[in-house]
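Written out below as structure tokens is the structure these notes cover.
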2 protein chains.
Amino acid sequence: MAFNPGLSSPDWRARLSTEAAAAPASGIAEVMRHGFGRSGIIPLWVGEGDQPTPAFLCKAAAAALARGETFYMPQAGLVELRSALAAYHDRLYGGLFGAPFRAERFFATGSGMQAIQIAIRLAAGAGDEVIVPTPAWPNFAAAVGVAGASARQVPLHFAATGWHLDLDDVERSIGPRTRALFLNSPSNPTGWTASEAELSAILNLCRRYGLWIIADEVYSRFTYDAARRSTPSLHSIIATHDRVLFVNTFSKNWAMTGWRIGWIEAPEALGPPIENLIQYSTSGVAVFMQRAAVLALTQGEAALAALVERSRAGRDIVIGALARLPGIEFAPPGAFYLFFRVAGVSDSTSFASTLIRQANVGLAPGSAFGLGGEGFFRLCFARDPNDLRAACGRLADWMAARSPS
Amino acid sequence: MAFNPGLSSPDWRARLSTEAAAAPASGIAEVMRHGFGRSGIIPLWVGEGDQPTPAFLCKAAAAALARGETFYMPQAGLVELRSALAAYHDRLYGGLFGAPFRAERFFATGSGMQAIQIAIRLAAGAGDEVIVPTPAWPNFAAAVGVAGASARQVPLHFAATGWHLDLDDVERSIGPRTRALFLNSPSNPTGWTASEAELSAILNLCRRYGLWIIADEVYSRFTYDAARRSTPSLHSIIATHDRVLFVNTFSKNWAMTGWRIGWIEAPEALGPPIENLIQYSTSGVAVFMQRAAVLALTQGEAALAALVERSRAGRDIVIGALARLPGIEFAPPGAFYLFFRVAGVSDSTSFASTLIRQANVGLAPGSAFGLGGEGFFRLCFARDPNDLRAACGRLADWMAARSPS
């Protein structure tokens, strides 16, 4: 451990904490680095649409800045934002526990990612375990590791009719240190969307074992069932005593990916510890961002509907185009992703890199999403229909050219 | 652990991880809550000036929003921002290791607090210890606890001629699990500012024991020595192998407290783990904020000079007024705080609350800052001179009224 000024190049990684040294790079970011700045590439690898934030939201932030709203803020978020979140949830779910949603359940965070970081810290300590059904967005398991806990992956089962989470698999993975289950429905990347009956079964299992559920319903508004305003939610079935922490973001619904603002929703008795964890992470969210977020909740339904419609069109395009290609399989897509398998692919990272170079199409490799993801690719269809058609055309041409027949 | 639906009000805190349940509330926030919204109060409790962000910085962010810069960003920060940080440091310190500062040393974070959170995670794991000279900003030790490590407080010694950090005290506090020392100079709240000789001695001690230094020089530009542009810095003395992580923020220099943007500066070999930790915290900083930050670095010197001048004037006012009061003692103030002791006070939290009610002046209680802080009060003088004069007058009147003589 002694300082050695003669050492030519210290092993910096060996000087780091275990948690920091073990944090993996994101497999999505790795492939993106490969293709960044490449001329003509169609980038479908990232979970982001191609529309900028609606102008009325940008103007609200600019107006707050011009008014001088540049000072420290309440760590839980503005009362206006917390109230707007409660009203928004009332409109979607018609109240909670037989009463209107209370503003005190909601806390502003500096991104959906930060909501996840805080939820993990609330539920799990060093040495604890958190169950993660996979394939899953890799940041969740990575954040569990940064917190000093470990993620226990439980792969969903793939069938062309739909992905399936087997609760016996989940139950078998529960050990004495298991503290929480991560429940992402609709799922990034698989599109798996739990029915209300499935949600009830999962909730009952977690009740039996005293587990927290970290509920990521970020894509709930991206429903392609015209009869619904949102996908099935734990909000409709939980009771007052249930240990559920909802994590969410403004990113997807209102095209605010680059803003870094989200929220955590929790039993209001947890207000003090949540506020403390916010204080010791980023201490709050810029007021001028919160002003835009309030407007998104109160006047953003038309903008959201347009984004969902764009995704629906994109979904139809990619389903139609890829269903015709030999060797490609997928379940009905949800969220705004198509997660498809290519027959014979055993190294999706290398395959994705080749696709970038030879077909100029950027996909996220399934291996980045944990157990059960290898051989698959994630394609984001919340994009320009022409780009999606062109990307599918390039894929078809490239696959035909490499086909042995 | 079993779910008990009959339980009338669950003990939510018992269901939390140790790290979350143990996170303390900020003693500053506690007192502020006491006085928030009180009519006519002069709030000197928080580490924040009373000037809004300069308009040219707000306009830069608004222009970026209007241009549609609302998408995901590189997790380390924009190249333009990292380069501007390198050039800014070059102007202040004339290079590093005999060459210009490299942009690759700098990483944008979602606040100075987040830079601290990441620096702690880099240096210390669960069960490790971090030494914190106190009195200190409470968020540092709290964030150590949230990371599963523990803070070992080493009190500075108070004298009216200046606070003093005894390196023998520090050395005695080093144990087998000690991984880092937090070095905040100029110090919030004491104003203690290490000389270059003191910095060298601290650096040598940390070299001998293989400790990281987490260097918080956030207030370095607030120097009241007309011959200097900044206070003594580790930048002037470190060698390539030294384990130093600098944490910093745009908050104080450019009146951007409410923005939530800072940076971490580290050996560039640590780029991958730092980027991963950013990815799993908030995943980056809004591009439109980064545009303003670039402008602050490249065109913000005049605005910064005006803020420092305002602090200098405030400093003179409070020193002059409080030096005349019986029973009040303080060392020469630094950063933008006067940290003064009131003879006979043994419960600064209760005293601060009484001051709010009876004198309508808001101070932060010394007990909030850890060992050695009890009996002291922190007053922020980066404020309107008239408010400062009025606050000192109220304090003098109130103390005269309660004096037994």
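Where a number appears in this text, it was derived from the coordinates with a stated rule and is not lab data. Just so it is clear, the structure is predicted and the values come from calculations on it, not from any experiment. Don't worry about glycine lacking a Cβ; one is built from the backbone with ideal geometry, like all the others, and counts go over all protein chains shown.
Here are the numbers:
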read-out: Residue of B:GLY37, B:GLY393, B:GLY362 that the Gaussian network model of chain B assigns the largest fluctuation, springs spanning Cα pairs under 10 Å; value: B:GLY37
read-out: Listed peptides B:145-155, A:258-268 by packing density, highest first (mean Cβ within 10 Å); value: A:258-268, B:145-155
read-out: Residue exposure sequence - A:GLU275, B:GLU104 - by fewest surrounding Cβ within 10 Å; value: B:GLU104, A:GLU275
read-out: Residue-averaged 222 nm ellipticity for chain B, from DSSP H runs of 4+ at -39500 (n - 2.57), nearest 500; value: -12000 deg cm²/dmol
read-out: Across the identical copies, how the A:SER236 labels are spaced - nm, sorted shortest first, 7 Å along Cα→Cβ; value: 6.7
read-out: Extended-chain gain in nm, criterion 0.36 nm per residue less alpha-carbon gap, B:SER236 and B:ARG33; value: 69.0 nm
read-out: Max mean-square fluctuation residue, GNM over chain A, Cα-Cα springs under 10 Å, options A:TYR88, A:TYR224, A:TYR280; value: A:TYR280
read-out: Residues in region A:218-255 that a label on A:ASP316 would reach, taking backbone N under 18 Å of a point 7 Å out along Cα→Cβ; value: A:222-228
read-out: Average partner coverage of A:57-70, which counts Cβ from other chains inside 10 Å; value: 6
read-out: Global geometry of region B:275-351, whether rounded, prolate or oblate, following the gyration tensor of its Cα atoms and the 1.5 cut on a/c; value: oblate
read-out: Where Rh is the Kirkwood radius over Cα pairs, Rg/Rh for chain B; value: 0.97
read-out: At 7 Å out from Cα toward Cβ: A:ALA390 inter-copy label distances (nm, ascending); value: 6.2
read-out: Lysines whose Cα lies under 21 Å from that of A:LYS59, excluding same-chain neighbours fewer than 8 positions away; value: A:LYS252, B:LYS59
read-out: Region A:66-299 - share of DSSP beta bridges that are antiparallel (%, nearest 5); value: 35 percent
read-out: Label point distance in nm, B:ALA55-A:GLU268, each placed 7 Å from Cα along Cα→Cβ; value: 4.2 nm
read-out: Tensor-based shape of region A:59-135 (alpha-carbon gyration tensor, a/c under 1.5 rounded, otherwise prolate or oblate); value: oblate
read-out: Mean-position separation - Cα centroids, region A:253-300 and region B:370-405, in angstrom; value: 35 Å
read-out: Paramagnetic reach from B:ARG67 (point 7 Å along Cα→Cβ, amide N under 16 Å) across region B:280-299; value: B:286-299
read-out: Karplus-derived HN-Hα couplings along region B:88-93 (A = 6.51, B = -1.76, C = 1.60, θ = phi - 60°), whole Hz, x at Gly and Pro; value: 4, 5, 4, 5, 7, 10
read-out: Chain A: antiparallel DSSP beta bridges as a percent of all, rounded to 5; value: 50 percent
read-out: Ratio Rg/Rh, restricted to region B:71-209 and using Cα atoms, in which Rh is the Kirkwood radius; value: 1.00
read-out: Inter-chain Cβ neighbour average for residues A:142-149, partner chain, 10 Å; value: 5
read-out: Lys/Arg +1, Asp/Glu -1 at C-beta; chain A dipole; positive extreme among A:SER173, A:TYR337, A:PRO385; value: A:PRO385
read-out: Inverse of mean 1/r across different Cα pairs in region B:68-299, Kirkwood, Å; value: 17.9 Å
read-out: For region A:28-59 versus region B:23-93, the gap between their alpha-carbon centres in whole angstrom; value: 27 Å
read-out: Ranked B:HIS157, B:HIS235, A:HIS164, criterion: other C-beta atoms within 10 Å, fewest first; value: B:HIS157, A:HIS164, B:HIS235
read-out: Principal axis dimensions, region A:161-227 - Cα atoms, whole angstrom, descending; value: 42, 23, 21
read-out: Order of A:ILE356, A:ILE116, A:ILE237 under a 10 Å beta carbon neighbour criterion, fewest first; value: A:ILE237, A:ILE356, A:ILE116
read-out: Gyration tensor over alpha-carbon atoms, the protein assembly as shown, equivalent ellipsoid semi-axes in Å; value: 46, 29, 26
read-out: Max mean-square fluctuation residue, GNM over chain A, Cα-Cα springs under 10 Å, options A:PHE369, A:PHE250, A:PHE71; value: A:PHE71
read-out: Exercise: per-residue mean of other protein chain Cβ atoms within 10 Å, A:235-246; value: 2
